[in-house]
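Reviewing the structure listed below.
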Amino acid sequence: MLQTDSIESLREHVAIWRAAGARIGFVPTMGNLHAGHVQLIEVARTHCERVVASIFVNPLQFGPNEDFTRYPRTPEADCAALESAGADLVFMPSVATMYPQPLEQLTRVSVPQLGDILEGAHRPGHFDGVTTVVARLFNLVQPDVAVFGEKDWQQLAIIRRMVDDLGWPIDIVGVPTVRDADGLALSSRNAYLTAAQRAMAPSLARTLNEVAGHLRVGERDFAALERAATLVLAEDGLRADYVSIRRPDLREPHLGDAQLIILAAAWLGSTRLIDNLPVSLG
Ligand code: PAF
């Protein structure tokens, strides 16, 4: 597997592969990879002959009081994981390479409305940081296919909208969330949990499953279900930022909808966990 921090070398390799007729798959990451990321690479492999991954802890998507400086950085282990998952090249740019301008002068990409609800309401500016970095990475790699985890459902919806709105010829592929045996969605931020908090964390996925159970038996008072779930989380020691039942495209749900998604974000001590659960209603 090739490793580079240079845009020129990234472009050179991608151009050679493309000239040889290969389709290029791309998996952007912030590193500290787990089995969920490995699956993204494997899925990219099934679509494309060549797979590029990136590792870049993107300062633009962290708020001033968030965990940018303590976000786990594990480049050696990440490269080993990417190589055994089948990546051909990992791009690991510095901040100066990614953002040649001072951050306050940088051109930004923004998806309004969809980027302002749920996560966006609790993390102002977060999705502008995500779309700005992903747009730049897409322009540098020029992939045919890009693969993202469904755990960040709203991020995936926003990236699909950006690609649609800007007319980029990139297929965006979502991959279902990978979970530990007790249901906790894999996340780099799980590393922040103490042993006691790790034991409490499955409450988030369990609560989403309980809400799904209520929906499946026909309950449709969405606001009451969201309030009840927030209380259950509080009893289990988690402070919810939101529990929200939506349509898969994140619009408000209607009574007759056959597909819904339950999304939640909750604090466990100083660690913020997010999760979601798509529900099909016969
Ligand atoms: O999902 C992530 O890890 C990040 O938001 C992404 C897409 C790599 C952009 O920094």
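Karplus-derived 3J(HN,Hα) values for the range 83-98, using 6.51 cos²θ - 1.76 cosθ + 1.60 with θ = phi - 60°, are 5, 6, 7, x, 6, 9, 8, 10, 9, 10, x, 7, 4, 5, 6, 6 Hz; glycine and proline are entered as x.
Against the empirical 2.2 N^0.38 Å (N residues), the range 64-169 has a Cα radius of gyration ratio of 1.16. Sequence-ordered 3J(HN,Hα) estimates for the range 152-167 from the Karplus curve with 6.51, -1.76 and 1.60 and θ = phi - 60° stand at 8, 4, 5, 4, 4, 4, 5, 5, 4, 5, 4, 5, 5, 5, 8, x Hz, glycine and proline given as x. Rounded to the nearest 10 degrees, the inclination of helix 203-216 to the longest alpha-carbon principal axis of the chain is 60 degrees.
At an R0 of 35 angstrom, the distance between the Cβ atoms of T69 and S6 translates into a FRET efficiency of 0.90. Across the range 222-282, Cα pairs under 8 Å and at least six residues apart give a relative contact order of 28 percent. Between the beta carbons of D180 and D236, assuming R0 = 22 Å, the FRET efficiency works out to 0.85 to the nearest 0.05. Note on L2, L156: ascending count of other Cβ atoms within 10 Å places them as L2, L156, the fewest first.
Label reach from I16 (point 7 Å along Cα→C-beta): in the range 62-92, amide nitrogens under 20 Å belong to 83-84, 86-92. Here the residues F148, F68, F26, F62, ranked from fewest to most Cβ neighbours within 10 Å of their Cβ, fall in the order F68, F62, F148, F26. Near the amide H of I117, within less than 5 Å, lie no amide hydrogens of residues on another chain or at least 5 residues away, with H placed in the peptide plane. With both labels modelled 7 Å from their Cα along Cα-to-Cβ, the D171 to R23 distance reads 0.4 nm. With K and R counted +1 and D and E -1, the other residues having a Cβ less than 15 Å from that of T107 yield a net charge of 0.
Taking the Cα atoms only, what angle lies between the long axis of helix 7-19 and the longest principal axis of the chain, rounded to 10 degrees? Rounded to the nearest ten degrees, it is 90. Build a GNM of the chain with springs between Cα atoms under 10 Å apart, and of I159, I117, I41 the one that fluctuates most is I117.
Annotation: amide H-H contacts under 5 Å for D236 (H modelled 1.01 Å from N, sequence separation of 5 or more, or interchain): none.
Relative contact order of the range 106-206, taken over Cα pairs closer than 8 Å and 6 or more residues apart, is 22 percent.
What do you get for Rg/Rh over the chain if you use C-alpha atoms and the Kirkwood form of Rh? Don't jump to the answer; show the numbers that get you there.
Working: Rg = 19.2 Å, Rh = 19.8 Å.
Rounded to two decimals, Rg over Rh is 0.97.
Length gained on full extension, E219 to S110, computed as 0.36 nm times the residue gap minus the Cα-Cα distance: 35.6 nm.
In order along the range 183-195, the Karplus-derived 3J(HN,Hα) couplings, from 6.51 cos²θ - 1.76 cosθ + 1.60 at θ = phi - 60°, round to x, 5, 5, 5, 7, 4, 6, 4, 4, 6, 6, 6, 4 Hz, and Gly and Pro are given as x.
Laboratory data are not the source of any read-out in this text; all were calculated from the coordinates shown. Just so it is clear, the structure is predicted and the values come from calculations on it, not from any experiment. Here the Cβ is made from the backbone with ideal geometry for all residues, glycine too, and neighbour counts use every protein chain on show.
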